[in-house]
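To keep things clear, I will list the structure first and then write my remarks on it.
Please treat every number below as a calculation from the coordinates, not as lab data. What you are looking at is a predicted structure, and each value in this text was computed from that prediction instead of being measured. Cβ coordinates were reconstructed from backbone atoms using ideal geometry, including for glycine residues, and neighbour counts include every protein chain displayed.
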Amino acid sequence: MPASYDVVVIGAGTGGYVAAIRASQLGKKVAVVEKQKALGGTCLIWGCIPTKALLEHAHAFKIVQNSDEWGIALPYGAPAIEMRQVHARKDKIVTGLTKGIEFLFKKNKIDWIKGTARLAGKGRVEVVDGEKQTLEAAEIVIATGSSPRGVPGIEIDHKRIITSDEAIHLPEVPKSLVILGSGAVGVEFASIFRRFGSEVTIIELLPRLVPIEDEAVSAELEKAFKKQGIRSLTGTKVTKASVSGAGVGIEAQGPDGKTQKLDADILLVATGRAPVTTGLGAEALGIAMEKGYIKVDSLYRTSVPHVSAIGDVIAIDGRVHPQLAHVSSAEGIVVAERLAGKDARPLNYDHVPSCTYCDPEIGSVGLTEAAARKQGYEVRIGSFPFGVLGRAKMAGETEGFVKIVADKKYDEVLGIHMIGPRSTELVAEAVLALRLECTVEELMRTIHAHPTFSEAIGEASHAAHGAAIHM
Ligand SMILES: Cc1cc2nc3c(=O)[nH]c(=O)nc-3n(C[C@H](O)[C@H](O)[C@H](O)COP(=O)(O)OP(=O)(O)OC[C@H]3O[C@@H](n4cnc5c(N)ncnc54)[C@H](O)[C@@H]3O)c2cc1C
């Protein structure tokens with residue numbers, strides 16, 4: 001007799017494991033099929049957690065490198081980064097968190113079935129390796145996530161031409177690193193390895209770094225990177241890259257049409273992630289797809305009844321779906337609540353915080369200035385630099401600003417964009433402001449504690465009304 005469940009989730013990333021826990025909390029009998037040796041998916045094993053752990057090391061190293069300013073004596077000479085210990089600490093954090101999910105599965109009586117799942121007809125999931133078996137499921141949730149996407153013509157050998165999966169484990173700091181792509185992943189690794197001592201060049205096809213962010217944020221990041229010695233080649237296309245001897249030979253065509261040659265120890269391809277559906281049997285079951293992604297409606301129903309999908313693997317309403325851990329988790333909760341018969345409501349994708357943990361950090365939500373103007377708003381802008389704040393001076397982190405984009409007519413906040421210290425934390429206030437359809441006036445009258453970085457948000461809202469106090 002096949003084991004029978006109310007809900008079978010395929011994939012235990014931040015989408016799948018959260019959906020499983022919420023469904024179980026709501027009384028469902030749940031199993032999760034996961035093919036990796038640990039739970040947590042991309043975020044915990046290859047993504048958010050290991051990269052942010054490395055960034056914390058880079059931050060600690062930065063403080064020690066400026067030891068004179070901080071009054072820290074280094075009796076044994078100049079500090080150096082010790083990669084073995086860096087990886088040991090990072091891996092310990094990853095293991096602690098993945099084990100934490102195992103504990104939560106036990107606590108919530110969720111069965112983890114180890115193996116690779118395949119859709120095997122109506123209400124059936126076959127586990128084709130590992131703990132081989134066929135499961136019966138009243139509801140199936142596909143949460144198979146994504147994997148690094150390559151670039152046509154560039155062969156990833158995983159040694160010299162690598163993806164983020166290898167970059168998190170590099171045993172040594174490369175002397176030179178070229179990064180293809182300046183999205184979140186690209187600029188985060190640029191910050192990590194520049195701080196660790198690599199010569200870093202970022203190549204971006206579009207005319208600016210972090211192209212989804214507000215233009216002012218991109219310009220500030222490029223300025224900060226230049227100061228740190230990170231070279232940015234924007235509007236530039238890599239036309240050739242091949243492993244040669246102990247390194248990689250790269251040819252890139254700049255905005256002037258001229259080709260330049262670069263050599264690097266390592267080329268990191270950070271050009272996005274593709275959905276994981278190979279071998280899943282989605283098409284065979286009749287699930288509608290869009291460019292390899294599983295098509296879903298606003299409550300994550302696929303075209304096949306009783307099969308839902310969430311996370312990096314989906315395309316929703318024909319719009320760009322943010323491949324972010326917090327988005328997949330929010331979707332996991334919505335899908336579980338719908339399956340449990342609760343009043344599940346669609347998420348508002350205009351209110352998704354975007355965080356990039358490079359140095360300086362970026363946090364943003366809502367419309368950029370250009371997008372607001374394009375949508376026909378008469379725009380009001382308020383900006384405030386972190387450098388003026390006492391708290392920023394104490395931390396020695398004075399780069400960047402907070403920029404508020406608002407609608408002049410109703411004073412509604414449309415977007416908040418920050419680059420600078422703790423921006424990935426400060427963005428939480430911005431998200432709430434947008435969710436509550438806050439006006440600039442309300443943000444101005446909100447008392448921000450002193451001395452904190454959050455004062456920059458208060459001051460930026462004052463600035464939008466021409467009333468900044470400290471500027
Ligand atoms: C370097 C890097 C840094 C990132 N940093 C951040 C960040 O700071 N913040 C943020 O929000 N997002 C970040 N992300 C993105 C984030 O990791 C993903 O958006 C998130 O993990 C998506 O979750 P998911 O559940 O949809 O899929 P995944 O996390 O990819 O999980 C899918 C799971 O399904 C399993 N699976 C796939 N197919 C099968 C099958 N047939 N049978 C069984 N199991 C299967 C996989 O093994 C995997 O464990 C980062 C990504 C990368 C690569």
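General observations
- Net charge, A340 excluded, C-beta distance under 12 Å - Lys, Arg +1, Asp, Glu -1: +1
- Cβ-based exposure ranking for S354, S146, in which fewest neighbours within 10 Å come first: S354, S146
- Note on R345/S4: beta-carbon distance plugged into 1/(1 + (r/R0)^6) with R0 of 25 Å gives a FRET efficiency of 0.25.
- Counting charges near E166 (Lys, Arg +1; Asp, Glu -1) among other residues having Cβ under 12 Å from its Cβ returns a value of 0.
- Here is the tail figure for segment 172-270: Cα pairs spaced more than 24 Å apart come to 16 percent of all pairs.
- In degrees, nearest ten, helix 16-25 long axis to first principal axis of the chain (Cα): 60
- Viscosity 0.692 mPa s, 37 °C: Kirkwood-radius Stokes-Einstein D of the chain over Cα pairs, µm²/s: 137
- Computed lengthening from A371 to S242, 0.36 nm per intervening residue step minus Cα-Cα distance: 42.6 nm
- Considering only G41, H450, L367, the residue lying farthest towards the positive end of the dipole of the chain is G41, judged by Cα position with unit charges set on Cβ.
- Each Cα pair under 8 Å and six or more residues apart adds its separation to the average, and for the chain the resulting relative contact order is 14 percent.
- Tilt relative to the chain, helix 184-196 - C-alpha long axis, 0 to 90 degrees, to 10: 50
- Gained length - K227 relative to D157, 0.36 nm times residue gap less alpha-carbon distance: 22.0 nm
- Evaluated with a Cβ-only charge set (Lys, Arg +1; Asp, Glu -1), the chain carries a dipole of roughly 880 debye about its Cα centre, given to the nearest 20.
- Scaled against the 2.2 N^0.38 Å expected of a compact globular protein of N residues, the Cα radius of gyration of segment 360-464 reads 0.99.
- Cross-link partners of K261 among aspartates and glutamates (Cα-Cα below 17 Å; sequence separation of 8 or more within a chain): E199, E204, E251
- Exposure proxy shown here: for Y357, Y300, Y377, the number of other Cβ atoms within 10 Å sets the order, fewest to most, as Y377, Y357, Y300.
- Cβ-Cβ FRET estimate between K409 and R301, R0 fixed at 35 Å, reported to 0.05: 0.40
- Among I45, I101, the order by Cβ neighbours within 10 angstrom, fewest to most, reads I45, I101.
- Net charge contributed by nearby residues that have their C-beta within less than 14 Å of G197 (K/R +1, D/E -1): 0
- Karplus-derived HN-Hα couplings along segment 138-145 (A = 6.51, B = -1.76, C = 1.60, θ = phi - 60°), whole Hz, x at Gly and Pro: 5, 9, 10, 10, 8, 9, 8, x
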